[in-house]
Structures are given as C-alpha cells and as structure tokens.
1. Could you please find all residues in region 97-108 being buried (at least 16 other Cβ atoms within 10 Å of the Cβ) and in a loop (DSSP other than H, G, I, E, B)?
2. Which members of region 221-280 meet the condition of being of a type in the set (G, A, S) and either within 17 Å of L309 (Cα to Cα) or not in a loop (DSSP other than H, G, I, E, B) (or both)?
3. Among the residues of region 140-157, what is the count of those that are at negative phi, surrounded by fewer than 19 Cβ atoms within 10 Å (Cβ to Cβ) and not polar (S, T, N, Q)?
4. Yes or no: S123 modelled with pLDDT of 90 or more, of a type in the set (S, T, Y) and open to solvent by 10 Å² or more (accessible area, probe 1.4 Å)?
5. Taking region 245-266 as the region of interest, how many residues are more than 21 Å from G291 (Cβ to Cβ) and crowded, with 16+ Cβ neighbours inside 10 Å?
Amino acid sequence: MMQFSGLEDEMDVKSLFSVESMEHGDANGGGLGSRGGGTTSTGSDADDTSGANYSDGPAAILSPACDVVQMLEIQYPNRVYAVALTEDGGLFAISGTAKEVWVYSTRSFHLVQVLSTETTVHSLAFSLDGGSLAAGGADKFVFVWECQDFKPTFALQRGREVHCVAFSKDSLGFAVGQKAVVYGGGDEHQLSWRGRPNFEVMSEVLESPRALSVILSNFPSVANICSAHTGESVLQRVVRLHTNNVLRSLLAADRHVGYLHDKTGHSALIMALVLEKRRSAQMLLATVTSGRMSSMPSSLAGVQECFPLLYRTFPELLIDLISEMPLDEEPQMLSSTDWWVLCERESLSHTASASGESAQSSPALFHHDTLFLHQVAQRERRRFRKIVRR
C-alpha cells in the first residue's frame, strides 16, 4: 500500500515556500496560526482532477517571534486533503490526491521525507510524542510510520476507505465507513497500540500480504499468538484457511515456532495432516530439521505425536524427517527403552573408572538408536522411490 523513499535533508525547497510576515493586528493574519499535536484537517472531494494544480489556501504555523506570525505556503502537486503538525511544531505533513505524503521540517524549511502511497490519502495525524505519523485513505489501509527514519511500524487493512485517523497517548483511532474504531489503550489494563497485535487483529492482517510484511518485520513472533477463546494459534489458522504463500511468509520470520494445541487438541502440523495439505506439512517439518523449533523434549513432543498420522498420510515426509534430523550427542535424548545403549555406556564408564581414567562421556559416543533410525530411513527411502518409479 504505502512505501517510502528518502530525500536528502538539504534539498532546496525555496521554490515550494512563500514566506510572509504580518503584524498581529493585520486583518488577514487572524485565524492563520494553528498549534498542537496531531492537528489534522481532512477532505473528501469526489470530483478530483488528476494532474491539476490547486492552491486551496495556505497552511500556517506560528512563528517563535513574539510580534509576528509567519505563514509558510507549500505548493502540493495536486489537491491537498489533509495536514498535520507535531505538538512542538517541528514537523509538518501534507497529503492529498498526489499519492504522496510530504513531511517538512518547519525549522529548517526542508523537505525531510516523501512517503509514497497507492491512492489518495484522506487524513494524517502525528502521535502526541511526535514519534509516529499515521495515514488513512482510499486504499482502505491505516498505515503508521515512525518519524526517526520513517520505517513502517503498523499496517491494517479495513473493508472500506479510511477517512480520518487520530492519536491519544496509547490509542489509535480511525473512521471507516459507518464505523469508528479505537485500537489499543483505553485504561491501565490495556496495551498501547504500539504493542504486539492479538489473535483477532492478526486474523485481519493475514488477509493482506503488505500488512503482514509490516507486522512481521516488527513482531516476528506473531506466529505463536493464540486465541483466548479457542486456543488456536496464528500458525494453525494459516494452515487451515490460507494459502502456502502466507504460511511461507509467516515461517520466514526469524523466530522459533511451536506446534501449540488448541482446545480440541489440534496443532498446526496435525491440521495440515488432517486436511492432507502436503506442501504445508512439508514446510512445517522443515522448521524442525532446520533448527527453527526448540530441541526441548516438550517442543519436539508435538512432532513425535504426529508420527502415526504422518506415516498414514505422507509416509515419504516421515522418512525425510528422520533421515534429515541432525544427530544429537546429549545422552538425555536416549530413550529409556534403549537399555543396550545405556548398558554399553555404563560398561564403558565402569571400565574407565577401573583404569583410573575420567568417567566423562566422550563426544565420540554417538546415539546408536539415532544412527539405526537413519540407516532404516535411508533404506526405506530407496525402497519407496523404487515403488514410485514402478
């Protein structure tokens, strides 16, 4: 929806500014000054003329001088629909039908940043601390950038055009069609709009690849968020309702994933097997072999419990999983039934103690059970490929 492109701070914008000074008693000076954080004006003219130049009146800000008002007039390429000022008046944002948001420094009179949009922007607002800029427009998106380097920090797609955005200390408000929405904040028990979105918000974000990309870049662990009502994780919802492209984006985030169970006992991997989504199951199992899943027994239990179902549904994936799993030298990973391995290790330990050598485990003592499974997997894979060729 909205991308951004940087411009140098020292860009010459003299041609864009017309500066006048007027005494406070001048009849034309009354009402031109505006002050305050997040001050916003909006418009919604339907009869836009693309490519035309309009000057719907100057945007004025108060000068620090005590006896004059300084008026800064900026020529925008097309009709201006919204302006916004930070609380200290340091930044001034403009938007309209030109599919761009211009951000100026009112102290240096320089164009700081141009934020590209896909459609008309109806409304702008700065957060109270001046650290974020929100925009809403005809593309049905609410988009927020942080004002340090103008990277996108939040994006949410709605069902209709966004006509107004506003900030409080911990909340982000916006008007969409016949609805008014307040996101985040509210009281001391509610999280700020800057926090990680919950399951319900992520359910909407998943519908838009662009919004999902922004959220994942700022909150890479959202795949493990669960619904408070059903226990379903975002990862499981994607497997159940969305395409493999969405699942691929979710698994590409640089965070560990887990196969959490919902209140019915299903996990993302179980859901992929039940629905016979082979590609989804393959991508989920790849997180195990690539080390994206924790090696704790409690984490791997979610994979181990799927072995019978995996063998019945996609036996070749089970063989690939076993053969591609890295060997682990930790003796705690041995099964309690592998008594012959334990006895051998105990025998070696007693021998070492009798000879006066250290009884510590040698790294060369690999897991015989894992080695055996790898050998079986390799043999079964060759046999399976022969059957497929026939």
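1. Residues of region 97-108 buried (at least 16 other Cβ atoms within 10 Å of the Cβ): 97-104, 106.
Passing the criteria: T97, A98, K99, T106.
2. Going through region 221-280, the residues of a type in the set (G, A, S) turn out to be 221, 223, 227-228, 231, 233, 249, 252-253, 258, 265, 267-268, 272, 280.
Those that are of a type in the set (G, A, S) and either within 17 Å of L309 (Cα to Cα) or not in a loop (DSSP other than H, G, I, E, B) (or both): A223, S233, S249, A252, G265, S267, A268, A272, S280.
3. 3
4. Details: modelled with pLDDT of 90 or more: yes; of a type in the set (S, T, Y): yes; open to solvent by 10 Å² or more (accessible area, probe 1.4 Å): no.
Answer is no for this residue.
5. To start, the set of residues in region 245-266 that are more than 21 Å from G291 (Cβ to Cβ) comprises 245-246, 261-266.
Next cut, crowded, with 16+ Cβ neighbours inside 10 Å only: 246, 261-262, 266.
Looking only at that region, the number is 4.
Residues checked against (1) within 24 Å of W102 (Cβ to Cβ); (2) open to solvent by 50 Å² or more (accessible area, probe 1.4 Å); (3) in contact with a Pro (Cβ under 7 Å, 6 or more places away or on another chain):
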{"position": "S127", "(1), (2), (3)": "yes, no, no"}
{"position": "R160", "(1), (2), (3)": "no, yes, no"}
{"position": "F167", "(1), (2), (3)": "yes, no, no"}
{"position": "S171", "(1), (2), (3)": "no, no, no"}
{"position": "Q178", "(1), (2), (3)": "no, yes, no"}
{"position": "N198", "(1), (2), (3)": "no, yes, no"}
{"position": "S208", "(1), (2), (3)": "no, no, no"}
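Residue by residue, here is whether (1) part of a loop (DSSP other than H, G, I, E, B); (2) at pLDDT 85 or above; (3) not small (G, A, S) holds:
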| residue | (1), (2), (3) |
| --- | --- |
| C66 | yes, no, yes |
| M71 | no, no, yes |
| Y81 | no, yes, yes |
| A84 | no, yes, no |
| F92 | no, yes, yes |
| L111 | no, yes, yes |
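The values are calculated or read from the model by the stated rules, or taken from the named source; none is laboratory data. Everything numeric here is computed off the predicted structure, so don't read it as measured data. Quick reminder, even Gly has a Cβ in these numbers, built from the backbone with ideal geometry, and neighbours come from all protein chains shown. What goes into the accessible areas is simple: the full protein's heavy atoms, side chains included, and nothing from ligands, DNA or RNA. Shrake-Rupley method; radii C 1.70, N 1.55, O 1.52, S 1.80 Å.
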